[in-house]
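Reading through the structure tokens given below for one structure.
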Amino acid sequence: MDKIMDSRGSDTSRLEAGGRSDPRSSRMRILDDTIESVSQPAAALAPLFRSEQQLRILAELFGGAATELAIGELANRAGVAQATASREVARLAQHGLVVTRALGRNTLVSANWELPWAKDLRSILVQTVGVLGRLAAALDGIDGVDEAFIFGSWAARYEGEPGPAPRDVDVLVVGGASLRSVRLACRAVEQDLRVEINPVVVERDRWIAKAPEPFLAELQSQPLVRIPLQRQ
């Protein structure tokens with residue numbers, strides 16, 4: 001008897017031909033395969049999911065700033081057709097990866113955080129096709145980028161601090177890169193993910209100073225989420 005979670009997170013059962021199977025073990029095998037592919041480019045993850053559209057939708061739900069999205073808004077953020085988003089959400093809800101609820105004529109969708117491996121999936125998606133992965137790919141091509149972090153409200157929410165969903169992403173680049181080159185690199189990420197990115201560039205000597213200036217001291221005392229640059 002194979003159990004599948006419905007859109008409310010409850011268990012339903014159906015008989016599988018050929019005997020019993022444990023959905024938890026099959027899902028964990030899929031997750032293990034995905035974890036092994038974290039170091040690969042985002043495009044390489046697509047074969048592990050049903051489609052690239054599904055990958056984008058999952059990345060928005062598990063790795064985005066919003067906690068719940070209408071189908072139309074989800075489609076817009078993920079860059080897929082609304083009809084495609086509706087079909088993919090229905091499949092994901094059938095297998096318990098997302099939770100849906102009706103609000104008037106709209107269907108609202110959220111990630112199913114009750115899954116035991118939800119945080120692992122979130123980490124994978126964010127670091128590949130989500131904000132961290134896209135920023136890493138953009139900044140890797142710039143000379144003078146030694147390290148890079150996300151700070152501010154996005155980093156705080158990512159680390160689990162309560163608060164409203166962030167409306168933008170604050171990026172700290174450590175090294176000798178020019179602010180102009182960093183801004184140009186972030187522009188494509190802004191357009192694709194539909195989020196405002198605010199970069200700041202700090203020379204390494206200032207960043208590692210024993211007595212940093214007040215602004216940097218404040219940054220270092222707050223949550224910092226490292227952007228996974230390949231050169232690191």
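Annotations
- Flag for R101 being surrounded by 16 or more Cβ atoms within 10 Å (Cβ to Cβ) and touching a strand residue (DSSP E or B) at 6+ places or on another chain (Cβ under 8 Å): no
- The stretch 80-134, residues that are aliphatic (A, V, I, L, M) and under 30 Å from L229 (Cβ atoms): V80, L97, A111, L115, A118, L121, I124, L125, V126, V129, V131, L132
- Qualifying residue in the stretch 205-224 (condition: touching a residue at least 24 places away in the same chain (Cβ under 8 Å), over 18 Å from W154 (Cα atoms) and not in a loop (DSSP other than H, G, I, E, B)): yes
- Any hit, the stretch 81-91, residues being loosely packed, with under 14 Cβ neighbours inside 10 Å, modelled with pLDDT under 80 and either in the same structural domain as E159 (by TED's automatic domain parsing) or farther than 23 Å from K119 by Cα (or both): no
- Out of E73, E68, one residue alone is modelled with pLDDT of 85 or more and within 19 Å of A156 (Cα to Cα). It is E68.
For every residue, the table says whether it meets (1) more than 19 Å from I57 (Cβ to Cβ); (2) of a type in the set (A, V, I, L, M, F, W, C); (3) part of a strand (DSSP E or B).
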position	(1), (2), (3)
D146	yes, no, yes
A156	yes, yes, no
G160	yes, no, no
A165	no, yes, no
S181	yes, no, no
E190	yes, no, no
I197	yes, yes, yes
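- S21 vs. criteria surrounded by fewer than 15 Cβ atoms within 10 Å (Cβ to Cβ) and either in a helix (DSSP H, G or I) or modelled with pLDDT of 50 or more (or both): no
Okay, residues lined up against (1) over 17 Å from the mean Cα position of the chain (by Cα); (2) within 30 Å of L216 (Cα to Cα); (3) assigned to a loop (DSSP other than H, G, I, E, B):
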{"residue": "T84", "(1), (2), (3)": "yes, no, no"}
{"residue": "L92", "(1), (2), (3)": "no, no, no"}
{"residue": "G96", "(1), (2), (3)": "yes, no, yes"}
{"residue": "L125", "(1), (2), (3)": "no, yes, no"}
{"residue": "L132", "(1), (2), (3)": "no, yes, no"}
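- Contact map, the stretch 102-131: first residue acidic (D, E), second residue assigned to a loop (DSSP other than H, G, I, E, B) and surrounded by fewer than 17 Cβ atoms within 10 Å (Cβ to Cβ), Cβ cut-off under 9 Å, separation 6 or more or different chains; pairs are E114/G9.
The values are calculated or read from the model by the stated rules, or taken from the named source; none is laboratory data. The structure presented is a predicted model; accordingly, all values stated were derived computationally and were not measured. Please note: Cβ atoms are built from the backbone with ideal geometry, for glycine as well, and neighbour counts cover all protein chains shown.
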